[in-house]
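What follows is a single structure, written as structure tokens, with notes after it.
The values are calculated or read from the model by the stated rules, or taken from the named source; none is laboratory data. Remember, it's a predicted structure, so these values are computed and weren't measured experimentally. Heads up, the Cβs are rebuilt from the backbone with ideal geometry, glycines too, and the neighbour counts pull from every protein chain shown. These area figures cover heavy atoms from the full protein model, side chains too; ligands, DNA and RNA do not enter into them. Shrake-Rupley method; radii C 1.70, N 1.55, O 1.52, S 1.80 Å.
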Amino acid sequence: MARKTHLCFDSHIGRLKPENIRNREAACPLCARDQLVEILAEEGPIIWVKNKFPVLQEAFQTVLIETDACDSELSEYAPAHLHRLIRFGVARWQEMIASGEYASVLFYKNHGPNSGGSLRHPHMQIVGLHHIDYREQLVEEHFEGLLIHQEAGLSFNLSTRPRMGFFEFNVLLHDMQAIDRMADMVQVATHHVLNHFHYACNSYNLFFYERGAGLAVKVVPRFVVSPLFVGFAIPQVSNRIEEVAAEIRARYFDAP
């Protein structure tokens, strides 16, 4: 049997999915907590549920509801909630990996109108793929970059060989004991993207990756995708990456 490389998207289910990122008058299904079904686990305001609209065939799709505050956002969370959320999400992701039921398990977040998401309410997704191993497409150079910050157990950089192009922030966790600080670095990247980018950005993705004994998180600001990447799979890297790395060091890490 030939190795599968493509997921099948069920467009019939896709047409039924609610959307309230652009259509802000639409009701939010993630706010109606008393109507949530097939809850898998919960911890305070954090709830992990089966996806009600499983558009991906040959996959097990789940949604991680981050908070009960619909208009909040990861870059704004208080440290205690941020750390609790990331620990909870990583634990559920690793549980699905350890089950051995999937070829690989995706863990990611969409935020904003250009991110590929459909709901404004803060959430992440954990998806078990039955036949596709995303790790086969990983290239180590996609996680290399200009060092922004480093401390015990982790490093934070800006890609010099980005996977898709332009600006991609990498948080590399080498010691799971530093997971809270990893969450802090992810928050720094998302806060910078949404508030201090050199031109307005209202969207990003987070992607979590298995990486040796640790893990990696890639934070990708989202704009219209370059035609060079769409048509030819040629990524581009900005000539401003050194300036951006210096801006983040000065704003978030240098002593006043």
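Scanning the stretch 167-202 for residues being under 13 Å from the mean Cα position of the chain (by Cα) and in a strand (DSSP E or B) gives a total of 3. As for the stretch 98-108, it holds no residue that is open to solvent by less than 60 Å² (accessible area, probe 1.4 Å) and over 18 Å from ARG135 (Cα atoms). On the given criteria, is ARG92 part of a helix (DSSP H, G or I), in contact with a strand residue (DSSP E or B) (Cβ under 8 Å, 6 or more places away or on another chain) and either in contact (Cβ under 8 Å) with a residue 12 or more places away in the chain or not small (Gly, Ala, Ser) (or both)? Yes; evaluated as a whole, the condition is true for this residue.
Residues in the stretch 127-163 that are out of contact with any helix residue (DSSP H, G or I) (no Cβ under 6 Å at 6 or more places or on another chain) and either more than 19 Å from PHE107 (Cα to Cα) or in contact (Cβ under 8 Å) with a residue 12 or more places away in the chain (or both): 24 in all.
Filter the stretch 119-143 for residues that are modelled with pLDDT under 95 and of a type in the set (Val, Ile, Thr) and give the result. If the condition is that a residue be modelled with pLDDT under 95 and of a type in the set (Val, Ile, Thr), then VAL139 is the only one that fits. Evaluation of LEU106 against the conditions (1) assigned to a strand (DSSP E or B); (2) modelled with pLDDT under 95 shows that the sole unmet condition is (2). Mind checking whether some residue in the stretch 203-211 is without any contact (Cβ under 8 Å) to a residue 40 or more places away in the chain and either part of a loop (DSSP other than H, G, I, E, B) or crowded, with 22+ Cβ neighbours inside 10 Å (or both)? The answer is no, given that none of the residues of the stretch 203-211 is without any contact (Cβ under 8 Å) to a residue 40 or more places away in the chain and either part of a loop (DSSP other than H, G, I, E, B) or crowded, with 22+ Cβ neighbours inside 10 Å (or both). Among what's in the stretch 235-256 and is in contact (Cβ under 8 Å) with a residue 60 or more places away in the chain and part of a loop (DSSP other than H, G, I, E, B), pick the residue that is farthest from HIS198 (Cα to Cα). Top of the filtered list is PRO235.
Only residues that are touching a Phe, Trp or Tyr at 6+ places or on another chain (Cβ under 9 Å), in a helix (DSSP H, G or I) and loosely packed, with under 14 Cβ neighbours inside 10 Å were counted across the stretch 113-152, and they come to 1.
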